[in-house]
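Shown next, in structure tokens, is the structure this report addresses.
Taken together, the values in this text are just the output of simple stated rules run on the coordinates, not laboratory data. None of the values given here were measured: they were computed from a predicted structure. So basically every Cβ, Gly included, is an ideal-geometry build from the backbone, and we count neighbours across all protein chains shown.
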Amino acid sequence: MLKPNQEFKQHHHAHASETFYTLSGEIHMYVNDELQILKQGDILKCDPKEDHYVVNKGSEDWKAVFIKSPPIDGDSVYT
């Protein structure tokens, strides 16, 4: 969950893909610097080594399910 004006810093995963399923709210997600606006019901997958970050520019909380596969600890690389 991200509250309004919160963000996850830009990063990528060395070996894992990450899939986001938006439950509620809206988020600005940047994948390799390309903007994707995700709303309720939207799904987006980031492949390994794709830089991505999210910013909640809305007025409500963004709630989502994050699926990282395979689930490797220490796989995040902040750029």
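Each Cα pair under 8 Å and six or more residues apart adds its sequence gap; the mean of these over the residue count of the chain is a relative contact order of 47 percent. For the chain, the fraction of alpha-carbon pairs lying more than 17 Å apart is 41 percent, rounded to a whole number. Label reach from GLN40 (point 7 Å along Cα→C-beta): in the stretch 12-27, amide nitrogens under 15 Å belong to 22-27.
Were the residues from GLU26 through GLN10 laid out at 0.36 nm apart, the gain over their Cα-Cα distance would be 4.0 nm.
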